[in-house]
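The values are calculated or read from the model by the stated rules, or taken from the named source; none is laboratory data. This is a predicted model, so every value here is computed, not measured. In this analysis, Cβ positions are derived from the backbone assuming ideal geometry, glycine residues included, and neighbour counts consider all displayed protein chains.
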Amino acid sequence: MPEFSRMYHAGDKAGIKQCYASIMRIQMLFAGSMAVVLVGYPQVLLSILAEELLPYTKQFVGCALVFILIATLGPCSGVLQMTGNEKKDNLYREAALGVMLVLLFVMRGSRLVMLYALCVQALLEGVVKYWYVCRWMQGSAIKLKTYCIWWSVPAAVIAGGCLLHLQHSALAMLLAAGGTFAFGLVCELRPGGCLHGYWEGLKKKF
């Protein structure tokens with residue numbers, strides 16, 4: 001995060017955008033595999049953690065989707081805090097918390113009210129902060145088309161598991177998650193990927 005501050009004081013918005021995009025790519029590398037496990041094989045995971053949670057599989061998947069989505073939007077708060085936008089960061093956080101409190105009151109009769117309220121708060125805060133960061137950078141770090149392409153591989157793997165009725169197989173879950181991560185890693189190590197420079201540096205050392 002100090003790197004954002006350094007580039008900000010140097011007036012290098014293009015550098016901030018490029019660095020932000022690289023962080024998003026690395027986050028997506030891990031988020032894709034997590035999505036395969038949490039969304040594609042929730043029953044396998046819940047049966048390992050606690051079988052009494054199996055009736056709440058749909059809620060589990062919904063929460064997983066929300067938090068994984070937020071995790072792929074990049075270090076919004078970090079950028080805001082390091083570029084003189086601390087007040088905006090605090091404002092959006094407090095506004096999202098306010099919405100959460102309203103939901104807690106309105107849905108106070110539901111057993112899962114805290115779960116729903118937290119998801120709404122996280123989604124609202126994350127999306128609004130990302131919107132403001134993109135506005136401040138005068139453009140999105142990653143194009144929407146590129147972002148959708150990133151998600152196409154995990155989505156295809158999840159769909160394949162469902163079509164083959166493998167949602168209850170722990171082995172299929174491990175292979176699917178590992179394959180998704182390996183595919184993403186290979187893509188990022190190739191020329192144009194965010195890890196290509198590091199990979200070339202390692203090859204020169206050894």
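If you go through the stretch 107-135 and pick out every residue that is surrounded by fewer than 17 Cβ atoms within 10 Å (Cβ to Cβ) and over 19 Å from VAL66 (Cβ atoms), you end up with 3. The residues on offer are LEU171, LEU175, LEU202, and the sole one that is at pLDDT 90 or above and over 22 Å from the mean Cα position of the chain (by Cα) is LEU171.
Within the stretch 133-166, the set of residues being outside any helix (DSSP H, G or I), in contact with a helix residue (DSSP H, G or I) (Cβ under 6 Å, 6 or more places away or on another chain) and not small (Gly, Ala, Ser) comprises MET137, ILE142, LEU166. The stretch 1-87 holds helices (runs of 4 or more DSSP H) entirely within its bounds, and those carrying 1 or more residues that are under 28 Å from CYS194 (Cβ atoms) and in contact with a Gly (Cβ under 8 Å, 6 or more places away or on another chain) map to 2-9, 13-35, 57-71, 76-82. When restricted to residues that are under 22 Å from SER77 (Cβ atoms) and surrounded by 18 or more Cβ atoms within 10 Å (Cβ to Cβ), the stretch 141-158 contains 3.
Of all the numbered requirements in (1) under 22 Å from the mean Cα position of the chain (by Cα); (2) at pLDDT 95 or above; (3) over 30 Å from GLY11 (Cα atoms), THR57 misses one, and that requirement is (2). Applying the selection to the stretch 104-152, what residues are of a type in the set (S, T, N, Q) and in contact (Cβ under 8 Å) with a residue 40 or more places away in the chain? Selection gives GLN138 alone.
With the structure loaded, tell me whether PHE60 is farther than 29 Å from CYS19 by Cα and surrounded by fewer than 14 Cβ atoms within 10 Å (Cβ to Cβ) or whether it fails that test. So PHE60 does not fit the description; no.
When ALA14, ALA31, ALA10, ALA35 are checked against the criterion of being closer than 30 Å to GLY84 by Cβ and surrounded by 16 or more Cβ atoms within 10 Å (Cβ to Cβ), ALA31 stands alone in meeting it. If the condition is being over 17 Å from GLN59 (Cα atoms) and either at pLDDT 90 or above or assigned to a helix (DSSP H, G or I) (or both), then the stretch 105-121 contributes PHE105, VAL106. Applying a threshold of 6 Å to beta carbon distances and a minimum spacing of six or more residues, or different chains, the list of pairs starting in the stretch 22-42 at a residue that is aromatic (Phe, Trp, Tyr) and ending at one that is buried (at least 21 other Cβ atoms within 10 Å of the Cβ) reads TYR41/MET173. In the set (1) surrounded by 14 or more Cβ atoms within 10 Å (Cβ to Cβ); (2) more than 30 Å from ALA170 (Cβ to Cβ); (3) among the charged types (D, E, K, R), the condition left unmet by ARG25 is number (2).
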